[in-house]
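K.L.:
Got a structure for you, questions after.
The values are calculated or read from the model by the stated rules, or taken from the named source; none is laboratory data. In this text the structure is predicted, and so the values were computed from the model without any measurement. Here the Cβ positions follow ideal geometry from the backbone for every residue, glycine too, while neighbour counts run over all protein chains shown. Remember, those area values only see protein heavy atoms, side chains included, never the ligands or the DNA or RNA. Shrake-Rupley method; radii C 1.70, N 1.55, O 1.52, S 1.80 Å.
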Amino acid sequence: MGRADAAASGGFSLGMLIYDTRYRSLTIQIVFLMLFMAAAAWLVENTIENLEALGKDFSFRFLSAPAGYDINQRLIDYNNQMSHARAMLVGLLNTLVLAAAACVTATIVGVIAGVLRLSRNWVVARLMTVYVEAFRNIPLLLWILLIFAVMTESMPPPAAFRGEAATSSMLLFDSVAITNRGVYVPEPLFDRSLGTVDLGIFLVSLDLVALIIAVVAAVAINRAILRRAEAVQNLTGIRPTTWWQSILVLGGIPVAVLVALGFHLGFPELKGLNFSGGTHLRNSLIAMWLALTIYTGAFIAENVRAGILAISRGQTEAAFSLGLRPGRTMNLVILPQALRVIIPPLISQYLNITKNTSLALAVGYMDLRSTLGGITINQTGRELEGMLLMMLVYLVLSLSISTVMNIYNARVKIKER
Amino acid sequence: MKKSALLGALTFAGLVAGTASAATLDDVKARGEVNCGVSTGVNGFSAPDASGEWQGFDVAVCRAVAAAVLGDPKKVKFVTTTGQTRFTALASGEVDMLARNSTWTYSRDNDLKLDFVGVNYYDGQGFMVNKDMGISSAKELNGATVCIQTGTTTELNLADFFRVNNMSYEPVPIETNAEAQQQYLARACDVYTTDASGLAATRAAFADPENHIILPEIISKEPLGPVVRHGDNQWADIVRWTLYALVAAEEYGVTSANIEEMAKGTTNPEINRMLGTEGDLGAMMGLDAKWAMRAIQAGGNYGEIFATNIGESTPIGLARGLNALWTQGGLQYAPPFR
């Protein structure tokens, strides 16, 4: 009680800031904060001073100037007379497309490899071990360059498809061409297109919107059918047959919309120097996508394996004793519980994929790093502004992914009732 | 997390801008070495030879500057830069000068805060295609896939050329000349475009140079020259006048063979002033009297440098063309040494 009394009686001395546990933590925090702010102030000061010495100002006006360069892969309308901001947006969308596609495929590959690595089949399990160890222990950049080099060096050029004495031919009834400039696949076309809506920044295809609505509606109706079947089963003990209704709804509605829009495929064909028509998946995209998929897939496989091993063996035995077959045991009992262990590290892997897309520069994939962080910075000389802007974009992107995944994690984690 | 990112950005900026103020000449003398930014390898202009020594037309400028300032053409540290990193490397002080086939443009001179001190090669952008494509003019390139080094003026010229001629193309962005060569030879692109001199240099390195043609259209003006940071006039003058000394030496017939003789004194006062036998021009720039003599001894005069690295007797085989002396119908012209 002696010390508390001393404090209460107003006997405060400076030494107490360090020796009195009530103040110590506060003191340390304040001192640390001051040091941190001093360091930050020094950096800002130094930057401003040096920019002044170089005669450079700090301004983002360059974003509205015409970019002047072309970008090969464009998801939205773009030409070289549009602004640097627009070029940055094109790059950002390329980053997003690559990240999203790689996240989906890496998850699929990872889950399959992770489950198979636990297989009782010796050959399969060892093969998966080799896959995981080989891919996650070799730098990603090497995989990207390797795939890119294989695509460019060993595939035939478009000229090899030409003429009577063509040395290469298209695959799948002349619908797919694999060349050293990328893969050309058929594109969806609509005879009775609904046109597009201008959202100010970019155009949205109404055909796509209609198709998405159709799919969402079909899924919703299918759910209602299943719910009704369940209600009937609970009431009577007999589950009505629903499979044909499901097929009809899930397949029928989207197909009906496609037919109404006059859907058909546009095939790529050799015109002039290159293939035209169809969708062009460039080598750079394929190399990035494939490399990110197999590389990150190896990490996800380990996450999945860890998650499954974390579930007690008793759960499997309990499921078996209830008569569930191994496949259903995995899908209904093990994986749902394993997800709780798998998802937090999976978030990190998704963030890794998103950030690793910036390696695209190595193969000339025009992502955010190559447009804003590469050509724009180089042509305008705005290194500081460009880098800050790019960091901000990646930060926002990563935090958004993190938020969404955390929400999902909150939904699947154990709920204490 | 946000704070650490900001801190990182500022650290980066601080590093970038940290070393750019002091007088370059003093820095170079204290270091005993000129840091010279060169390309990652363009035959004839700047590329390491079999023994790892840097050789070439641009490299010769670096060596001449080192000889003028430090008295030894070997005292150069070559820093390889790509099209994208070169100006940042210069602005940040990582290199003292660039001699790296960089095009002098208005915005680079003013907006990027650089100073182009002269032109050592007058060039223009061209196109190279494989002969078997049967193309004889750049106007026939509609729909072509074009390999292009990113971060260059050629990238912007290319966009303009195709837009003006109402043609479409597919750009394949590439970082270095070596990658471009590989992509072009694998026929992942139909066309490779860069400065005509670069095309000639690249073609010379092919196994079958006769199967590739450079199309007749030259679509731009590309004055290539050494670059220094804006704001250090003394250093800019040293690099500028070193270059002029090489050109003037050719004009007055001073060669690496006869320079010792000439330095003893000639009847031409201009040569005498340049080589330091008369007056003291070097002191005006903060150098000694024999600076120009050493610069010329490093690799010969402009004509000799041209002939040994990229001239008609080399595999690259470039004609003097615009780069002949003004007395022979070209554009190379040095102001008087007076």
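K.L.:
Using only protein heavy atoms and a 1.4 Å probe, report how much of A:Y23 is accessible, in Å² to the nearest 10.
P.N.:
70 Å²
K.L.:
Given the rule -39500 (n - 2.57) for each run of at least 4 DSSP H residues, summed and divided by the residues of chain B, what is its mean residue ellipticity at 222 nm, to the nearest 500 deg cm²/dmol?
P.N.:
Values: 14 runs with 131 residues, N = 338.
Helix contribution divided over all residues of chain B: -11000 deg cm²/dmol.
K.L.:
What does the charge count around A:L75 come to, taking other residues whose C-beta lies under 15 Å from its C-beta (Lys +1, Arg +1, Asp -1, Glu -1)?
P.N.:
My count for the surroundings of A:L75 gives -1.
K.L.:
Can you list the residues, at least 5 places off or on another chain, whose amide H is less than 5 Å from the amide H of B:L331, using H built in the peptide plane?
P.N.:
Long-range HN contacts for B:L331: B:N323, B:A324.
K.L.:
Return the single residue from A:R86, A:R74, A:R22 with maximal mean-square fluctuation; model: Gaussian network over chain A, springs between Cα atoms under 10 Å.
P.N.:
A:R22
K.L.:
With a sphere of radius 12 Å drawn around the Cβ of A:L258, what net charge do the other residues whose Cβ falls strictly inside it have (Lys, Arg +1; Asp, Glu -1)? Before the final figure, lay out each step's value.
P.N.:
Working: positive: A:R192; negative: A:D191, A:D207.
Once positives and negatives cancel, what remains is -1.
K.L.:
Now for a different question. How much accessible area is lost when chains A and B come together, counting both sides, with a 1.4 Å probe, in Å² rounded to the nearest 100?
P.N.:
Heavy-atom accessible area buried at this interface is about 4000 Å².
K.L.:
Still on this structure, please answer the following. Let me check something: with ligands and nucleic acids excluded, how do A:W244, B:W241 order by accessible area (1.4 Å probe), largest to smallest? Before the final figure, lay out each step's value.
P.N.:
Working: A:W244 130, B:W241 60 Å².
So the residues, ranked largest to smallest area, are A:W244, B:W241.
K.L.:
Could you tell me the accessible area of B:R108 in Å² (1.4 Å probe, neighbours in place), rounded to the nearest ten?
P.N.:
The accessible area comes out at roughly 10 Å².
K.L.:
I'd like the residues of the stretch A:27-60 whose 1.4 Å-probe accessible area shrinks by no less than 40 Å² going from the isolated chain to the full set of protein chains.
P.N.:
A:F36, A:L43, A:T47, A:N50, A:L54, A:K56
K.L.:
Here's another thing I want to ask about it. I'd like the distance between the alpha-carbon centres of the stretch A:55-107 and the stretch A:372-417, rounded to an integer number of Å.
P.N.:
15 Å
K.L.:
Here's something else I'd like to know. Evaluate the relative contact order of the stretch B:248-338 (contact order divided by residue number), counting alpha-carbon pairs under 8 angstrom at least 6 apart; express in whole percent.
P.N.:
Computed over the stretch B:248-338, the figure is 25 percent.
K.L.:
Just to confirm, what accessible area per residue do you get for the stretch B:84-135 at 1.4 Å probe, in whole Å²?
P.N.:
30 Å²
K.L.:
Something else: Test of the criteria: in the stretch B:224-284, which trypsin sites (Lys or Arg not before Pro) are in a DSSP loop and have at most 12 other Cβ atoms within 10 angstrom of their Cβ?
P.N.:
Filter output for the stretch B:224-284: B:K264.
K.L.:
Right, another one. In chain A, once you exclude exposed GluC sites (Glu not before Pro) (DSSP loop, at most 16 other Cβ within 10 angstrom), what's the longest stretch remaining?
P.N.:
Working: sites that count: A:E164, A:E416.
Answer from the scan: A:165-415.
K.L.:
Then there is this: Return the carbon/sulfur percentage of the accessible area of the protein assembly as shown, one whole number, probe 1.4 Å, all protein chains in place.
P.N.:
After summing per-atom areas, the C and S share lands at 62 percent.
K.L.:
Roughly how many Å is it from the Cα centre of the stretch B:160-227 to that of the stretch B:66-136, as a whole number?
P.N.:
17 Å
K.L.:
Another question, then. What full-extension length gain, to one decimal in nm, is calculated for A:T129 and A:N79 as 0.36 nm per residue of separation minus the Cα-Cα distance?
P.N.:
Gain on stretching A:T129 to A:N79: 13.3 nm.
K.L.:
Could you pull out the chymotrypsin sites (Phe, Trp or Tyr not before Pro) across the stretch A:172-234 that fall in loop regions by DSSP (anything but H, G, I, E, B) with no more than 14 other Cβ atoms inside 10 Å?
P.N.:
Those that pass, being in a loop and sparsely packed, are A:F173.
K.L.:
Counting alpha carbon pairs within less than 8 Å and at least 6 residues apart, what relative contact order, in whole percent, applies to chain A?
P.N.:
It rounds to 21 percent for chain A.
K.L.:
Under 16 Å between alpha carbons, and skipping anything fewer than 8 positions from B:K131 in its own chain: which lysines qualify?
P.N.:
B:K139
K.L.:
Just to check I understand the Karplus step: with θ = phi - 60° and J = 6.51 cos²θ - 1.76 cosθ + 1.60, what whole-Hz values come out for the stretch A:243-258, glycine and proline as x?
P.N.:
4, 6, 5, 4, 4, 4, 6, 5, x, x, 4, x, 4, 4, 5, 4
K.L.:
Sort A:H280, B:H212 from largest to smallest accessible area, using a 1.4 Å probe on the heavy atoms of the protein chains. The partial results should precede the final answer.
P.N.:
Working: A:H280 40, B:H212 10 Å².
Sorted descending by solvent-accessible area, the residues read A:H280, B:H212.
K.L.:
With every protein chain in place, what's the accessible area of A:R117 (1.4 Å probe, Å², nearest 10)?
P.N.:
Solvent-accessible area, nearest 10 Å²: 40 Å².
K.L.:
Going by a ≥ b ≥ c, the root eigenvalues of the Cα gyration tensor, does the protein assembly as shown fall in the rounded group (a/c under 1.5), the prolate group (a/b larger than b/c) or the oblate group?
P.N.:
oblate
K.L.:
I want the local charge near B:S107. Using Cβ-Cβ distances under 13 Å, sum +1 for each Lys or Arg and -1 for each Asp or Glu among the other residues.
P.N.:
Neighbour charge sum, excluding B:S107 itself: +1.
K.L.:
Could you work out [θ]222 nm for chain A from helices alone, using -39500 (n - 2.57) per DSSP H run of at least four and dividing by all its residues? Round to the nearest 500 deg cm²/dmol. Please report the intermediate quantities before stating the final value.
P.N.:
Working: 13 runs with 250 residues, N = 417.
Using -39500 (n - 2.57) per qualifying helix, the result is -20500 deg cm²/dmol.
K.L.:
Also, I was wondering about something else. Below 8 Å, C-alpha to C-alpha, sequence gap of six or more: please give me the relative contact order for the stretch B:125-220 in percent.
P.N.:
Answer for the stretch B:125-220 is 49 percent.
K.L.:
So how much slack lies between A:N331 and A:L145, counting 0.36 nm per residue of separation and subtracting their Cα-Cα distance, in nm?
P.N.:
63.3 nm
K.L.:
Output the residues of the stretch A:123-163 meeting this criterion: accessible area (heavy atoms, 1.4 Å probe) in the chain alone minus accessible area with all protein chains in place is 30 Å² or greater.
P.N.:
A:T152, A:E153
K.L.:
For A:W143, B:W235, B:W326, give the ranking by accessible area with the largest first, probe 1.4 Å. Please report the intermediate quantities before stating the final value.
P.N.:
Working: A:W143 40, B:W235 5, B:W326 110 Å².
From most accessible down to least: B:W326, A:W143, B:W235.
K.L.:
Quick query: amide H of B:V34 versus all other amide H atoms, modeled in the peptide plane; which residues come in under 5 Å with a sequence gap of 5 or more or a different chain?
P.N.:
When sequence neighbours closer than 5 places are left aside, the close amide H contacts are B:V76, B:K77.
K.L.:
Comparing the chain by itself with all protein chains present, which residues of the stretch B:87-122 are at least 40 Å² less accessible (probe 1.4 Å)?
P.N.:
B:D111, B:L112, B:K113
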